[in-house]
Amino acid sequence: MIHASASRRVGFLLALLCCPLVAAAADEEKKADPPNIVILFADDLGYGDLGCFGHPTIATPNLDRMAREGLRLTQFYVAECVCTPSRAALLTGRLPIRNGMCSDTKRVLFTDSLGGLPEGEITIADTLKGKGYATACVGKWHLGHLPQFLPTRQGFDSYYGIPYSNDMKPTVLLRGATVIEDPADQTTLTKRYTAEAVSFIRQNRDQPFFLYMPHNFPHVPLFASDDFKDKSLRGLYGGVVEELDWSVGQVLDTLRELELDKKTLVFFTSDNGPWLIKNRNGGSAGLLRGGKGSTWEGGMREPTIAWWPGTIPAGGVSRELGCTTDLLATISALVDAPLPDDRVLDSYDLGPVLLGKGESPRKSMLYYRGRKLMAARLGPWKAHFMTQAGYRQANPEVHDPPLLFHLEHDPSEKYNVAKDHPDVIADIRKLVSEHEANLNAPPSQLEIR
Ligand code: MG
């Protein structure tokens, strides 16, 4: 007969011994049963525009709850400060300079553009399709509106949305490659995108799926449905953001109702900073300097939340570096898919950050505006080699020596400390010259007319 306390001890030792087995089994199970992936992407939403990122009068209860149940990322970036290149980077895990999706003269694709995301690019949708996922794009594409560039040519089974910005004419709504509404009724757009997304989730509840949902708002012109347009303390802009928040709630509630919440990674962020020249119709970057179109932090650092109940620890805040280009490597690792090995990627697996298990493998950030590398960050330090004073200003101001800011001490980039830290500037110059030595930039897709 074993004494009770000895028995407990044996039990404890057995449990300890079994732990790695249990963990390994859980890992195996995860690979056998990979998570659904949902990317919710706002357009021109600023770093300071959500309640959970400090906005005083915009009410975002659903995103705030998502943050309480998930992880807020406070140093998460996009790879470019305007729509088209930012989206190309998210989907391909590559800087836009590597796939031709940027330009100094045409910042984004327009309705007379003949170019688009080259078919040879491998998107997150291609990767997940290769693993048997059902894939849908619902919302603003802006990676080429001609048939050969549409989402269904880039790994998506279906597409529903306005294929570019909502201020471009004709503002058509497409299903697949077919125009179904011209002009699109934008007052009900967020509601209809939401219905489409919810229906896709319901249809695919029994198999792995990838939903990429790039909203058209709060890009101007602003539209909200009657339920939201006159309700926000922050006026129409607030109403538009509050309707997006409602939409996020609908998506998360559907996952909860279908008991898919513990099997789904949902990632929320924005494509670039607020469009400040639109005054009250543009958003806020909070304490960050600058906005859309600039490589100050406000143009490229985004309000970001990751949610996966039971896997991502609830209520966390990560101050680690991340970028939308990292989603490709992060998702590929989660679903055990190979990464392309025939091209240069700018993608790090952020798994350790999301799971609360370690630091980010990303230690640096490159800030492109069009084809110009304007600034670079290494650890907490950011050097601006060039800055842009206004959204439309043609020629940037060159800084030599560069302006240097310590972003953790000085998140608003107010205090240039270049003269005190020549060693830091030398390290950042080395990072940039190593990057440029491997750069093989193809011609711009945005300049094809
Ligand atoms: Mg945008």
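The values are calculated or read from the model by the stated rules, or taken from the named source; none is laboratory data. Keep in mind that this is a model prediction, so the values were computed, not measured. Note that each Cβ is placed from the backbone with ideal geometry, even for glycine, and that neighbours are counted across all protein chains shown.
Scanning the range 159-177 for residues that are touching a strand residue (DSSP E or B) at 6+ places or on another chain (Cβ under 7 Å) and within 17 Å of PHE41 (Cβ to Cβ) yields a total of 5.
Would you check if there is a residue in the range 316-324 being on the phi > 0 side of the Ramachandran plot and either more than 16 Å from the ligand (Cβ to nearest atom) or in contact with a helix residue (DSSP H, G or I) (Cβ under 9 Å, 6 or more places away or on another chain) (or both)? Outline the logic, then answer.
Step one: filter the range 316-324 for residues on the phi > 0 side of the Ramachandran plot, giving none.
Among the residues of the range 316-324, not one is on the phi > 0 side of the Ramachandran plot and either more than 16 Å from the ligand (Cβ to nearest atom) or in contact with a helix residue (DSSP H, G or I) (Cβ under 9 Å, 6 or more places away or on another chain) (or both), which makes the answer no.
Taking the range 42-116 and the helices (runs of 4 or more DSSP H) fully enclosed by it, the elements with 3 or more residues that are small (Gly, Ala, Ser) and touching a residue at least 12 places away in the same chain (Cβ under 8 Å) are at 83-92. Taken over the range 230-270, residues that are away from the ligand (no atom under 16 Å from the Cβ) and in contact (Cβ under 8 Å) with a residue 12 or more places away in the chain amount to 28.
Within the range 59-84, take every residue that is farther than 19 Å from TYR368 by Cα and crowded, with 24+ Cβ neighbours inside 10 Å and give me the one that is farthest from the ligand (Cβ to nearest atom). Let's see the steps before the verdict.
Of all residues in the range 59-84, those farther than 19 Å from TYR368 by Cα come to 59-74.
Remaining after also requiring crowded, with 24+ Cβ neighbours inside 10 Å: 60, 63, 66-67, 70, 73.
Working: THR60: 19, LEU63: 18, MET66: 21, ALA67: 22, GLY70: 23, LEU73: 19 Å.
Selected residue: GLY70.
If I filter the range 90-137 down to residues being within 20 Å of HIS215 (Cβ to Cβ) and of a type in the set (Gly, Ala, Ser), which single residue comes out as surrounded by the most Cβ atoms within 10 Å (Cβ to Cβ)? Result: ALA136. State whether the residues of the range 271-293 include one that is in contact with a Gly (Cβ under 6 Å, 6 or more places away or on another chain), touching a residue at least 40 places away in the same chain (Cβ under 8 Å), assigned to a helix (DSSP H, G or I) and within 16 Å of the ligand (Cβ to nearest atom). Checking the range 271-293: at least one residue is in contact with a Gly (Cβ under 6 Å, 6 or more places away or on another chain), touching a residue at least 40 places away in the same chain (Cβ under 8 Å), assigned to a helix (DSSP H, G or I) and within 16 Å of the ligand (Cβ to nearest atom).
Here GLY356, GLY390 are screened, and the one residue that is of a type outside the set (Lys, Arg), in contact (Cβ under 8 Å) with a residue 60 or more places away in the chain, part of a loop (DSSP other than H, G, I, E, B) and closer than 26 Å to TRP307 by Cα is GLY356.
Might you let me know whether the range 32-41 holds any residue that is crowded, with 19+ Cβ neighbours inside 10 Å, modelled with pLDDT of 95 or more and in contact with a Gly (Cβ under 7 Å, 6 or more places away or on another chain)? The answer is no, given that none of the residues of the range 32-41 is crowded, with 19+ Cβ neighbours inside 10 Å, modelled with pLDDT of 95 or more and in contact with a Gly (Cβ under 7 Å, 6 or more places away or on another chain).
How many of the residues making up the range 138-178 are among the polar types (S, T, N, Q) and either crowded, with 24+ Cβ neighbours inside 10 Å or within 16 Å of the ligand (Cβ to nearest atom) (or both)? Steps first, answer last, please.
In the first step, residues of the range 138-178 are kept if they are among the polar types (S, T, N, Q); the result is 148, 152, 154, 158, 165-166, 171, 178.
With either crowded, with 24+ Cβ neighbours inside 10 Å or within 16 Å of the ligand (Cβ to nearest atom) (or both) added as a condition, the list becomes 154, 165-166, 171.
Number satisfying all stated conditions: 4.
Against the numbered list (1) of a type in the set (Ser, Thr, Tyr); (2) more than 16 Å from the ligand (Cβ to nearest atom); (3) more than 17 Å from the chain's Cα centre (by Cα), THR123 comes up short only at (3). Remark: pairs (first residue in the range 416-442, in contact (Cβ under 8 Å) with a residue 12 or more places away in the chain; second residue outside any helix (DSSP H, G or I) and of a type in the set (Ser, Thr, Tyr); Cβ separation under 7 Å; 6+ apart in sequence or on different chains) = LEU431/SER364.
LYS363: within 20 Å of PRO96 (Cα to Cα) and not hydrophobic (A, V, I, L, M, F, W, C), yes or no? Spelling it out, LYS363 is indeed within 20 Å of PRO96 (Cα to Cα) and not hydrophobic (A, V, I, L, M, F, W, C).
Could you say which residue among CYS18, CYS52 is more than 16 Å from the ligand (Cβ to nearest atom) and modelled with pLDDT under 95?
On the way: CYS52 fails: modelled with pLDDT under 95.
One residue alone meets the criteria, CYS18.
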